[in-house]
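The values are calculated or read from the model by the stated rules, or taken from the named source; none is laboratory data. Remember, predicted model here, so these are calculated numbers, not experimental data. Don't worry about glycine lacking a Cβ; one is built from the backbone with ideal geometry, like all the others, and counts go over all protein chains shown.
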Ligand code: SAM
């Protein structure tokens, strides 16, 4: 087992180590985004499992690798697992890459990682680009908490149910969509979230024609109705407004706040305490306190 802790920040990490599965991030457009560590690993590893051997051969043709390329995609993932595990068990090192980005994110990988772990073998990720996080951090929408939905089911009740859940989600949501379904998705989002909900479509990230179209669903839809969507797209949808706690009425809230004020708390402190207790915004509570016509 390699001791990663003692190697943090150093260049003398012995990679690839025998019997280790490496999950390697590859570019989502700009080839300069393949890290030196990823290059070195892909050059020296015993075998590389990839979605499309012809596509990946182009990426690794720039460096002299003797690695055996093995196809591993969503249609043969289960049947390929025993071969890949056998390689690791016999002391070979294995890298997993996908056509672009981080394996396991809307790409094959999850099943190989869990089978490798179940077999008691080590898994290490060599991080690299990921369209979801790249688009998110460029959007300016809240990124402290977010959720990733990837591709929605193309149609039917599962899609409708997920769209409804997404429309009520308070965190920023990240979606992947193919360009020929983008307008349909934006139309559905406008119906359930309203035209003014924050949204950015990140197009062709890291490529020559990179674009970020927003800042609302309405504006993005108008743009794509006038400009045919082409290239790869990641959608960043702003969260829903925090729901008001409808369990407690406004007069009851006022009574609670006045009770605290009578005990000697300031308006500010009383609004802060009640906002925490009831999950309501402080601004809403201030407004309530200053609204004279509520009894
Ligand atoms: N594993 C990849 C990752 O880490 O981002 C995602 C693979 S998924 C099969 C492909 C989808 O990711 C595309 O349909 C698109 O929604 C998004 N995507 C990939 N590259 C992109 C790019 N350069 N710009 C915008 N979105 C991209």
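Miscellaneous remarks
- Residues in the range 16-42 that are touching a helix residue (DSSP H, G or I) at 6+ places or on another chain (Cβ under 8 Å) and more than 22 Å from residue 117 (Cα to Cα): 26, 27, 28, 31, 34.
- The set of residues in the range 118-128 that are under 16 Å from residue 24 (Cα atoms) and in a loop (DSSP other than H, G, I, E, B) comprises 127, 128.
- Residue within the range 240-249 that is at pLDDT 95 or above and under 26 Å from residue 103 (Cα atoms) present: no
- Qualifying residue in the range 230-241 (condition: under 19 Å from residue 189 (Cβ atoms), part of a helix (DSSP H, G or I) and in contact with a strand residue (DSSP E or B) (Cβ under 7 Å, 6 or more places away or on another chain)): no
- Residue in the range 137-155 that is within 16 Å of the ligand (Cβ to nearest atom), more than 14 Å from the chain's Cα centre (by Cα) and surrounded by 14 or more Cβ atoms within 10 Å (Cβ to Cβ) present: no
- Check on residue 98, in contact with a strand residue (DSSP E or B) (Cβ under 9 Å, 6 or more places away or on another chain), touching a residue at least 24 places away in the same chain (Cβ under 8 Å) and assigned to a loop (DSSP other than H, G, I, E, B): yes
One line per residue, one yes/no per condition, for (1) in a helix (DSSP H, G or I); (2) outside the structural domain of residue 207 (by TED's automatic domain parsing); (3) under 21 Å from the mean Cα position of the chain (by Cα):
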residue	(1), (2), (3)
88	yes, yes, no
91	no, yes, no
105	no, yes, yes
116	yes, yes, no
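- In the range 163-183, residue nearest to the ligand (Cβ to nearest atom) [restricted to those that are touching a helix residue (DSSP H, G or I) at 6+ places or on another chain (Cβ under 7 Å) and without any contact (Cβ under 8 Å) to a residue 40 or more places away in the chain]: 163
- Among the criteria (1) farther than 30 Å from residue 135 by Cβ; (2) touching a helix residue (DSSP H, G or I) at 6+ places or on another chain (Cβ under 8 Å); (3) in a loop (DSSP other than H, G, I, E, B), the one residue 257 does not fulfil is (3).
- Residues in the range 195-215 that are within 16 Å of the ligand (Cβ to nearest atom) and over 18 Å from residue 133 (Cα atoms): 2 in all.
- Count of the range 71-106 residues, restricted to those that are away from the ligand (no atom under 16 Å from the Cβ) and closer than 16 Å to residue 20 by Cβ, is 11.
- Residue under evaluation residue 192, criteria (1) away from the ligand (no atom under 13 Å from the Cβ); (2) in contact (Cβ under 8 Å) with a residue 60 or more places away in the chain, criterion not met: (2)
- Identification of strands (runs of 3 or more DSSP E) wholly contained in the range 13-84 with 3 or more residues that are surrounded by 15 or more Cβ atoms within 10 Å (Cβ to Cβ) and under 23 Å from the mean Cα position of the chain (by Cα) yields 20-24.
- Residue, farthest from the ligand (Cβ to nearest atom), within the range 107-121, restricted to residues that are in contact (Cβ under 8 Å) with a residue 40 or more places away in the chain and out of contact with any helix residue (DSSP H, G or I) (no Cβ under 8 Å at 6 or more places or on another chain): 113
- Some residue of the range 216-225 being within 24 Å of residue 145 (Cα to Cα) and within 16 Å of the ligand (Cβ to nearest atom): yes
- Residue 276 vs. criteria surrounded by fewer than 17 Cβ atoms within 10 Å (Cβ to Cβ), under 30 Å from the mean Cα position of the chain (by Cα) and in contact (Cβ under 8 Å) with a residue 40 or more places away in the chain: no
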